[in-house]
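In what follows, a structure is listed as structure tokens, so that the remarks can point back to it.
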Amino acid sequence: MTTFKHYLLTNGGVGQLGLLWKHLSPIKFSNVNLSTCRLLCSTRRHMASNTGLQPIQMAFSSYENSKNPSSENENVLIIMHGMMGSRSNWNSLSKVLHNKTTWKVIAVDARNHGDSPHSPEHTYEHLVEDIRHLMDNLGLKKASFIGHSMGGRAMMMAALKYPELVQKLVVVDISPIGTSPQLMTMGKYFNAMKSIRLQPNIQLSAARKHADQQLASTISDKGLRDFLIMNLVEKGSGQFAWRINLDALHNNFMSRIATFPQITNTFSGPTLFIGGTKSDYLKPEEEPDILKIFPAASFAYVNDAGHLVHVEKPAEFLALTTEFLLKG
């Protein structure tokens, strides 16, 4: 029997996630200027890691075999979503990956996303320390990683910095070499989301519809708008807020996230890069340079898929990923 659980790390270990207090990025209402809400959190502040960076307590979902959990001790898969996403984007895929591999699958919310705490710092170095901190708290000596976009770069960075922690690595539609021109347009998305005005005391579905109408003047892609609007949540008292930390993501994006950090390390473990043929985030011409950093890497491109490969072509993505994880 497979169990599906939500967790929040605490200083003393792992606790089942009930009500998670979190920061919310404000939405400006008509005639109301909502300040950023900070709710009391029952968890304690972690000690800084030995890198000097302050890790946060990532919220995560775990998919595991409740009848025989010991069978999964040797094989654990950790998944990190992309910018402005959350672990909920991976719910269905996580369940299928668990069922196909019988591995324990852990899908996380990166800092400043989903149910994880907000922080003014948002760099790949911080994301890596958050992953390492999670593994320490769960007693995991090694795991395989899947990361999409921002999450893919974080997982690459983790493999390069702490190769002893990584069994296998799957990087979804992102490169350590080039940067898609589309990433350079992220600023307009942040500004558009910050400019949203909503009436209070309406249904969440209506609020999301109104937000979509306002975003449409800046963002023509309906699929992208739907993806962003999933971050709009009801805060209580008839008000709404962005679940992601817009200010932190916006402030750190160009200088800390848009490009991959300069690093001289290599990772020689099994690595699979999966791209979409309709995306320019991962390009075949970059493969020789990628192989200098990940010498055991292989590459696969899913036909007619864009940047959200796993969403647009889930069957193809699952086939590639499962075969790679179970090989050898």
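I need Val302, Val233, Val128 ordered by Cβ neighbour count within 10 Å, fewest first.
Details: Val302 23, Val233 17, Val128 26.
Ordered from fewest to most neighbouring Cβ atoms within 10 Å, Val302, Val233, Val128 come out as Val233, Val302, Val128.
May I ask which of Lys209/Lys283; Lys283/Lys313; Lys104/Lys222; Lys142/Lys283 have a Cα-Cα span longer than 28 Å here? Cα-Cα > 28 Å for Lys209/Lys283; Lys104/Lys222; Lys142/Lys283; rest within.
If Lys and Arg each add +1 and Asp and Glu each add -1, what is the summed charge of the other residues whose beta carbon sits under 14 Å from the beta carbon of Leu228? My count for the surroundings of Leu228 gives +4.
Among rounded, prolate and oblate, which fits the range 70-171 when a ≥ b ≥ c are the square roots of the eigenvalues of its C-alpha gyration tensor, a/c under 1.5 means rounded, and a/b larger than b/c means prolate? Verdict is oblate for the range 70-171.
Count charges around Thr264 for me, please; just the other residues with Cβ under 12 Å from its Cβ, Lys/Arg as +1, Asp/Glu as -1. Display every interim value, and only then the final one.
Values: positive: Lys161, Lys292; negative: none.
Once all neighbours under 12 Å are counted, the net charge is +2.
This model, with +1 at the C-beta of Lys and Arg and -1 at the C-beta of Asp and Glu, gives the range 144-285 a dipole about its Cα centre of some 300 debye. For Tyr301, the residues 5 or more places off, or on other chains, whose built amide H falls under 5 Å of its own are Gly275.
Between Thr277 and Asp136, what length in nm is gained on full extension when 0.36 nm per residue of separation is reduced by their alpha carbon distance?
47.0 nm
Entry note, the range 120-224: relative contact order of 20 percent, from Cα contacts under 8 Å with a spacing of 6+ residues.
Which length gain, in nm to one decimal place, applies between Asn91 and Met254 when the Cα-Cα distance is subtracted from 0.36 nm times their residue separation? Intermediate results must be reported in sequence, preceding the final value.
Numbers: separation 163, 0.36 × 163 = 58.68 nm, distance 2.93 nm.
Contour length minus Cα-Cα distance gives 55.7 nm.
Here's the picture: a label point sits 7 Å out from the Cα of Glu125 along the beta-carbon direction, and within the range 261-292 the residues with their amide nitrogen under 14 Å of it are 261-264. Each Lys or Arg adds one and each Asp or Glu takes one away; over the other residues whose Cβ falls under 13 Å from the Cβ of Asn201, this sums to 0. In this structure, the amide hydrogen of Ile146, modeled 1.01 Å from its nitrogen in the peptide plane, lies closer than 5 angstrom to those of Ile78, Ile79, Met80, Val170, counting only residues at least 5 positions away or on a different chain. Across the range 144-301, the relative contact order, built from alpha-carbon pairs under 8 Å that are at least six residues apart, equals 29 percent.
Compare the peptides 249-256, 146-153 by average per-residue count of other Cβ atoms within 10 angstrom and give them in order, highest first. Could you put the intermediate results ahead of the total?
Working: 249-256: 16.8, 146-153: 27.0.
Output ranking for 249-256, 146-153: 146-153, 249-256.
The numbers here are math on the coordinates, done by the rules we state, and not lab data. In this text, all values refer to a predicted model and were calculated from it rather than measured experimentally. All Cβ positions, even for glycine, are placed from backbone atoms using ideal geometry, and neighbour counts span all protein chains on display.
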